[in-house]
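*Asks:* So that we are looking at the same thing, I have put the structure below in structure tokens.
The values are calculated or read from the model by the stated rules, or taken from the named source; none is laboratory data. Since the model is a prediction, treat every value here as computed from it, not as a measurement. Because the Cβ atoms are built from the backbone with ideal geometry, glycine has one as well, and the counts that use them run over all protein chains shown. Side chains included, ligands, DNA and RNA excluded: accessible areas come from the protein's heavy atoms. Shrake-Rupley method; radii C 1.70, N 1.55, O 1.52, S 1.80 Å.
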Amino acid sequence: MNKVISKEYFSANVVKFEIEAPLIAKAHRAGHFVIVRIGTKGERVPLTIAESSVEKGTITLVVQQVGVSSTKLCALNEGDYITDLVGPLGQATHIENFGTVVCACGGVGTAPMLPIVKALRESGNRVLTVLAARTGDLIIMEEQMRKLSDELIIMTDDGSYGNRGLVTNGVEMIIQREKVDRCVTIGPAVMMKFVSLLTKKYSIPTIASLNTIMVDGTGMCGACRVTVGGKTKFVCVDGPEFDAHLVDFDEMMMRLAGYRDIEQSDMHKHENKCNAGTR
Amino acid sequence: MKAKERAEIRRVHMPEANPEIRSRNTEEVNLGLTAEMAVTEACRCLDCARPGCIEGCPVEVDIPSFIKNIERGEFLEAAKVLKETSALPAVCGRVCPQEKQCEAKCIHVKMKKEAVAIGYLERFAADCERESGQVSVPETAPANGIKIAVVGSGPAGLSFSGDMAKAGYSVTVFEALHEIGGVLKYGIPVFRLPNEIVDVEIDSLRSMGVKFVNNCIVGKTVSIDDLKEDGFRGIFVGSGAGLPRFMNIRGENLVGVMSSNEYLTRVNLMDASNPESDTPVLTGKKVAVIGGGNTAMDSVRTARRLGAERAMIVYRRSEEEMPARLEEVKHAKEEGIEFMTLRNPVEYSGNEHGRVSHMLLQVMELGEPDASGRRSPVEVPGETELIEVDEVIVSVGVSPNPLIPSSVKGLNVSKWGTVIVNDETMQSDIPMIFAGGDIVRGGATVILAMGDGRRAAKAMDKWLREQKFSTSNL
Ligand SMILES: Cc1cc2nc3c(=O)[nH]c(=O)nc-3n(C[C@H](O)[C@H](O)[C@H](O)COP(=O)(O)OP(=O)(O)OC[C@H]3O[C@@H](n4cnc5c(N)ncnc54)[C@H](O)[C@@H]3O)c2cc1C
Ligand code: FES
């Protein structure tokens, strides 16, 4: 079992955890993820490793509270133990000096982008990060991203903070301004789809990190499968990063929606239980 | 009792749960023999001078000896005999394809009679011991301090560990999942193999000093080199055939189409059908399972239990060629499973939400025998059927888990991705690495995996003794 060493709130529902996991810390590269399970009835959920420290023997996870499992995880405190933690999983991000790289992220994609921005910058890239959300209140990790990027552009749908517009508007703004050698995008599937369509227009090689449904995370079940370039791939072992221009995002969104109804009713149950507990 | 009298006793029938009721719950289907039934059945064994049954058993259980113990009413003694050769008797008694192994070689079969129910008796003895609370822990040799690592906690890894622990080695098993047991836990459903039974056998290994480390993937969390550095002198790879195959036909990525591994893992490992569990599972009213093996039978019977009104097996050959155990096919039929044989799916279509709604089946017929000796299915031109479904479970086989083969430099791997080892010693081209079970054979059986584990243990012990690190030098 792995102990929670520290807990810090980035915002009301975004929590940064430092977790004791010396072996995973040692093997970790940017782009890797772990599978976490909370409680004996918990499900196995993938979370990207945001940072690791070999000296401290810890890994850092940034968790955004969205469903049953992330809510349970966010309820843990310093000194608590994570029931199950396994990793590092997936293929590491391919990092080299590409030149200028645009990192476009939003929503749940912000936390997993952090280590990639860091690694790209460390290998000499000029990193321009576009951080998007529906409204200003939902922008997370702004400070961390600003520190790590050469430039940070914030986009909100309603213009309540940063620039008004979608993530794609921010990316296009950069593309029109200067030469972009590569783009990395992480976020909701629909967002990645449109970023990908945009960069395809400009022939900019683009990597998307896919957040499909997973069960085991070790290639054993195929729940995470996607079609890339006409071939079925398993995100947990072949990915999570793929050439965005080859990913069938429509199919991915359809598959993600498959469990949404059940998940929502589960969340409902969980909330009811929690409420019952506090009453 | 005279041989003639023994031969006249009819083979016992396994008491079974009522199919109407059991197809709605997760209770075990086979209820087990009573002591009286077991003793009578044991009398049928003629205690042959050259017992064929032992040859038919991949781990060479001393079958006549345990059966005669049952006949004498020495049930615990019978269990002890089983444990001398098999690390998991209560498991084997439930899931082995006895009709193709020990029972196929029984003298009764040669006399055109039904074989002694060796599997039922094995289960009886193992269950008796467990229920008696007097589980015997096999004797272990004095600890020699030599560290041995095992990759994977399926039957191959467990049987290897048991034998090495008996020989005095310090054994650590690394398992990628959060549960110990491999397919026994995540694949085979509880109505066929209750989890408690697997746990008792694992506890028995624990009391022999075997250490288990879950959530640890060798090749990811730790490397083989890390293990060497940590002082492990021998490594046994029993990482199984975890990778599901798909057919690559149109519509296979629709919502509601999944591998049997996904379906069974959700239900068995993650307990998804329990409302308390956070893991969801899609359920269907009209469920088709593609395939004819044990995995297919387990999936279709699980679907029935989760409320499928129509639960169908779609298999491209005829029933005769089905690789599933006979008993599973019989049980499935009793539970109202439809068998659509000589049918092969060619395409799935979905509704506006992307949920599968129909499957198009190609009608097949049997042609010439293929390499496996089974008559190969060929398409009947132009004959197709469109069937309504809302869930499809693809159970057309698995490939070896690529993690170890891809992460260990110099390991010799076949074109199918299986680890190549010496047939007798199970030693790979890297001398300290031995392997067995599905990672060597592709999809096989529990008992073959266990047999591999045993042979590897024997050979590794011998190899280690021959090394300069031999026991005497420590
Ligand atoms: C649904 C189903 C029903 C079956 N029914 C029967 C039956 O009735 N009778 C029968 O005889 N056989 C049956 N089989 C086949 C039988 O279960 C297998 O042949 C047997 O389990 C193989 O054992 P194994 O030890 O080689 O591998 P497994 O049981 O597959 O165990 C391998 C283990 O290794 C772990 N692992 C893999 N890679 C790593 C790594 N790198 N590091 C750490 N851990 C790792 C896996 O997570 C897994 O737990 C069935 C199989 C299935 C799927
Ligand atoms: S999550 Fe099971 S194969 Fe990827």
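*Asks:* How many residues, within the stretch A:24-54, are farther than 15 Å from A:Ala75 by Cβ, without any contact (Cβ under 8 Å) to a residue 40 or more places away in the chain and surrounded by fewer than 21 Cβ atoms within 10 Å (Cβ to Cβ)?
*Replies:* 3
*Asks:* Which of the residues belonging to the stretch B:85-104 are in contact (Cβ under 8 Å) with a residue 24 or more places away in the chain and among the charged types (D, E, K, R)?
*Replies:* If the condition is that a residue be in contact (Cβ under 8 Å) with a residue 24 or more places away in the chain and among the charged types (D, E, K, R), then B:Arg94, B:Glu99, B:Glu103 are the ones that fit.
*Asks:* Tally the residues that are within 13 Å of B:Val116 (Cα to Cα) and surrounded by 22 or more Cβ atoms within 10 Å (Cβ to Cβ), restricting the search to the stretch B:28-50.
*Replies:* 5
*Asks:* Then there's this: Which of the residues that make up the stretch A:234-250 are of a type in the set (D, E, K, R), closer than 20 Å to A:Pro46 by Cα and either within 11 Å of chain B (Cβ to nearest Cβ) or not in a strand (DSSP E or B) (or both)?
*Replies:* Answer for the stretch A:234-250, where residues must be of a type in the set (D, E, K, R), closer than 20 Å to A:Pro46 by Cα and either within 11 Å of chain B (Cβ to nearest Cβ) or not in a strand (DSSP E or B) (or both): just A:Asp238.
*Asks:* Another question, if that's okay. Please find, among B:Ser372, B:Ser376, the residue that is within 23 Å of the chain's Cα centre (by Cα) and farther than 25 Å from B:Thr302 by Cβ.
*Replies:* B:Ser372
*Asks:* For the stretch B:84-94, name all the residues that are crowded, with 24+ Cβ neighbours inside 10 Å and assigned to a helix (DSSP H, G or I).
*Replies:* Within the stretch B:84-94, B:Pro89, B:Ala90, B:Val91, B:Cys92, B:Gly93, B:Arg94 meet the criteria.
*Asks:* If you take the residues in the stretch A:179-191 that are open to solvent by 10 Å² or more (accessible area, probe 1.4 Å) and over 17 Å from A:Leu246 (Cβ atoms), which one is farthest from ligand 2 (Cβ to nearest atom)?
*Replies:* Only one residue fits best here, namely A:Lys179.
*Asks:* Follow-up. Just name the residue that is nearest to the other protein chains (Cβ to nearest Cβ) out of those in the stretch B:246-269 that are surrounded by fewer than 24 Cβ atoms within 10 Å (Cβ to Cβ) and among the β-branched types (Val, Ile, Thr).
*Replies:* So the residue we want is B:Val255.
*Asks:* A:Gly159: modelled with pLDDT under 95, open to solvent by less than 10 Å² (accessible area, probe 1.4 Å) and within 23 Å of A:Gln64 (Cα to Cα), yes or no?
*Replies:* no
*Asks:* Here's a follow-up. Report, by residue number, each residue of the stretch A:205-229 that is facing chain B (nearest Cβ under 10 Å), assigned to a loop (DSSP other than H, G, I, E, B) and without any contact (Cβ under 8 Å) to a residue 60 or more places away in the chain.
*Replies:* The answer is A:Ile213, A:Gly219, A:Met220, A:Cys221, A:Gly222, A:Ala223, A:Cys224.
*Asks:* While we're looking at this one, here's another question. Residues in the stretch A:192-200: is at least one within 16 Å of ligand 2 (Cβ to nearest atom) and either of a type outside the set (Gly, Ala, Ser) or crowded, with 17+ Cβ neighbours inside 10 Å (or both)?
*Replies:* Taking every residue of the stretch A:192-200 in turn, none turns out to be within 16 Å of ligand 2 (Cβ to nearest atom) and either of a type outside the set (Gly, Ala, Ser) or crowded, with 17+ Cβ neighbours inside 10 Å (or both).
*Asks:* I've got another one for you. For the stretch B:128-162, give me each residue that is hydroxyl-bearing (Ser, Thr, Tyr) and not in a helix (DSSP H, G or I).
*Replies:* Those that are hydroxyl-bearing (Ser, Thr, Tyr) and not in a helix (DSSP H, G or I): B:Ser136, B:Thr140, B:Ser153.
*Asks:* Please go through the stretch B:270-289 and give me each residue that is on the phi < 0 side of the Ramachandran plot, open to solvent by 20 Å² or more (accessible area, probe 1.4 Å) and either assigned to a loop (DSSP other than H, G, I, E, B) or facing chain A (nearest Cβ under 9 Å) (or both), ordered by number.
*Replies:* Within the stretch B:270-289, B:Ser273, B:Asn274, B:Pro275, B:Glu276, B:Thr283, B:Lys285 meet the criteria.
*Asks:* Quick one: B:Gly93 ticks every box in (1) in contact with a helix residue (DSSP H, G or I) (Cβ under 9 Å, 6 or more places away or on another chain); (2) over 23 Å from B:Arg325 (Cα atoms) bar one, so which box is it?
*Replies:* Here B:Gly93 clears every test but (2).
*Asks:* Of the residues B:Thr265, B:Thr221, which is within 14 Å of ligand 2 (Cβ to nearest atom) and β-branched (Val, Ile, Thr)?
*Replies:* From the options B:Thr265, B:Thr221, the qualifying one is B:Thr265.
*Asks:* Return the residue satisfying two criteria in turn: it lies in the stretch A:201-241 and is more than 16 Å from ligand 1 (Cβ to nearest atom) and of a type in the set (Ser, Thr, Tyr), and of such residues it is most open to solvent (accessible area, probe 1.4 Å).
*Replies:* My answer is A:Ser203.
Yes/no matrix, rows are residues, columns are (1) within 16 Å of ligand 2 (Cβ to nearest atom); (2) at pLDDT 95 or above; (3) of a type outside the set (A, V, I, L, M, F, W, C):
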site	(1), (2), (3)
A:Ile204	no, yes, no
A:Ala208	no, yes, no
A:Asp216	yes, no, yes
A:Val226	yes, yes, no
A:Val237	yes, no, no
A:Glu241	yes, yes, yes
A:Asp248	no, yes, yes
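*Asks:* Output the number of residues of the stretch B:22-45 satisfying the condition of being under 27 Å from B:Met450 (Cα atoms) and of a type outside the set (S, T, N, Q).
*Replies:* Adding up the residues that qualify gives 10.
*Asks:* Additional query: Can you say whether A:Asp216 is under 30 Å from A:Leu85 (Cβ atoms) and of a type in the set (Asp, Glu), as far as the supplied structure shows?
*Replies:* yes
*Asks:* Identify the residue in the stretch B:269-298 that is of a type in the set (A, V, I, L, M, F, W, C) and in contact with a strand residue (DSSP E or B) (Cβ under 8 Å, 6 or more places away or on another chain) and, among all such residues, is modelled with the lowest pLDDT.
*Replies:* B:Leu282
*Asks:* Are there any pairs with C-beta distances below 7 angstrom linking a residue in the stretch B:321-332 that is more than 13 Å from B:Val95 (Cβ to Cβ) to a residue that is near ligand 1 (Cβ under 9 Å from one of its atoms), with the two at least 6 apart or on different chains, and if so which?
*Replies:* Short answer, once both residue conditions are applied: B:Pro323/B:Gly293; B:Val329/B:Met297; B:Ala332/B:Met297.
*Asks:* Here's something else I'd like to know. Can you tell me which of (1) without any contact (Cβ under 8 Å) to a residue 24 or more places away in the chain; (2) under 29 Å from A:Asp238 (Cα atoms); (3) among the polar types (S, T, N, Q) is the one B:Ser239 doesn't meet?
*Replies:* Answer for B:Ser239: the failing condition is (1).
*Asks:* B:Lys468 is checked against (1) away from ligand 2 (no atom under 16 Å from the Cβ); (2) in contact with a helix residue (DSSP H, G or I) (Cβ under 9 Å, 6 or more places away or on another chain); (3) at pLDDT below 95 and fails just one. What number does that condition carry?
*Replies:* (2)
*Asks:* Next question. Tell me, which strands (runs of 3 or more DSSP E) lie completely within the stretch B:304-363 with 3 or more residues that are buried (at least 21 other Cβ atoms within 10 Å of the Cβ)?
*Replies:* In the stretch B:304-363, B:310-315, B:343-350 are the strands (runs of 3 or more DSSP E) which contain 3 or more residues that are buried (at least 21 other Cβ atoms within 10 Å of the Cβ).
*Asks:* Any chance you could count how many residues in the stretch B:214-245 are surrounded by fewer than 17 Cβ atoms within 10 Å (Cβ to Cβ) and either on the phi > 0 side of the Ramachandran plot or not basic (Lys, Arg) (or both)?
*Replies:* Counting residues in the stretch B:214-245 that are surrounded by fewer than 17 Cβ atoms within 10 Å (Cβ to Cβ) and either on the phi > 0 side of the Ramachandran plot or not basic (Lys, Arg) (or both) gives 7.
*Asks:* Right, next: Working only within the stretch B:367-381, note down all residues that are in a strand (DSSP E or B), touching a strand residue (DSSP E or B) at 6+ places or on another chain (Cβ under 9 Å) and open to solvent by 40 Å² or more (accessible area, probe 1.4 Å).
*Replies:* B:Glu368, B:Pro369, B:Arg375, B:Val378, B:Glu379 - these are the residues of the stretch B:367-381 that are in a strand (DSSP E or B), touching a strand residue (DSSP E or B) at 6+ places or on another chain (Cβ under 9 Å) and open to solvent by 40 Å² or more (accessible area, probe 1.4 Å).
*Asks:* Here is a follow-up. Applying the selection to the stretch B:103-127, what residues are part of a helix (DSSP H, G or I) and closer than 19 Å to B:His13 by Cβ?
*Replies:* Those that are part of a helix (DSSP H, G or I) and closer than 19 Å to B:His13 by Cβ: B:Glu103, B:His108, B:Val109, B:Ile118, B:Gly119, B:Tyr120, B:Leu121, B:Glu122, B:Arg123, B:Phe124, B:Ala125, B:Asp127.
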